[in-house]
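Taking it in order: structure first as structure tokens, then the write-up.
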Amino acid sequence: MNTTSSSQVQILSESSLIRFLSFALRAEVNREIDSMLRNNIIEPSTAPYSSPIVVVKKSDRSNRICICIDYRKLNKIAVFDPEPMLQMQEIFSALTGSQYFSKFDFCKGYWHWQVPVRSEVKDLTAFASPDDLYRFHVMPFGLVNAPATFSHIMHQLLHGLRNLRNYLDDFLGHTADWYHDGDDFLFFFAVNVNEQRIIAFLTEKCCYLNL
């Protein structure tokens, strides 16, 4: 993550105030933080600045929460990554003639792909919980360049696979006939297993369709 100057980073201290959380919500936040600590996603921090958390209810009917970080102050001084994002119109156009579709959804794509944060800028990802201060080992949601970084990785991984498309952490396989359905998926998985990369999908969000 690049910033315009080290002195400008200090404005993050203005956003370190902890927002009020109810007792019940606080307990849920602590459980989520404990889970991130166990999975080596975050670690305790002593950074002189931080960003506040925002608690969002997940839309999957599980009543679970998602901890988001309000990085607006940091994003204002970050150097923007112009990595092009695939447009939905391009994806729909590429599906012409396809009859078999397989959809896969990454489980917390950014974290499970283990996109590392450089040691010298980890403090910039610091956030304040009701009980402590933490920072990220891997790229968190909320950073202005996080989607572009993840998209760049996907472009590299899917290069040359004509029947695989992605929009951020959603994958779509498409073919015109049953015989070739899954060929690119098998190649994709074989390459990533060989490279010892971790791939995790949300099974409840994966589906298959034959038109």
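The values are calculated or read from the model by the stated rules, or taken from the named source; none is laboratory data. Just so it is clear, the structure is predicted and the values come from calculations on it, not from any experiment. With ideal geometry, Cβ positions are generated from the backbone for all residues, glycine too; neighbour counts draw on all protein chains shown. The accessibility values were calculated without ligands, DNA or RNA, using every heavy atom of the protein model including side chains. Shrake-Rupley method; radii C 1.70, N 1.55, O 1.52, S 1.80 Å.
Say we look at the stretch 91-104 and pick out the residues that are modelled with pLDDT of 80 or more and of a type outside the set (A, V, I, L, M, F, W, C); which of these is surrounded by the most Cβ atoms within 10 Å (Cβ to Cβ)?
Only one residue tops the list, namely 100.
Which of the residues that make up the stretch 141-163 are assigned to a loop (DSSP other than H, G, I, E, B) and either out of contact with any strand residue (DSSP E or B) (no Cβ under 6 Å at 6 or more places or on another chain) or open to solvent by 50 Å² or more (accessible area, probe 1.4 Å) (or both)?
Once the filter is applied, which keeps residues that are assigned to a loop (DSSP other than H, G, I, E, B) and either out of contact with any strand residue (DSSP E or B) (no Cβ under 6 Å at 6 or more places or on another chain) or open to solvent by 50 Å² or more (accessible area, probe 1.4 Å) (or both), the stretch 141-163 yields 141, 143, 144, 145, 159, 160, 161, 162, 163.
Among the candidates 49, 71, single out the residue that is at pLDDT 80 or above, under 18 Å from the mean Cα position of the chain (by Cα) and of a type in the set (Ser, Thr, Tyr). Before the answer, list the steps.
Details: 49 fails: under 18 Å from the mean Cα position of the chain (by Cα).
Within the list 49, 71, the selection yields 71.
Does the stretch 17-29 contain any residue that is acidic (Asp, Glu), assigned to a helix (DSSP H, G or I), more than 20 Å from residue 169 (Cα to Cα) and at pLDDT 80 or above?
yes
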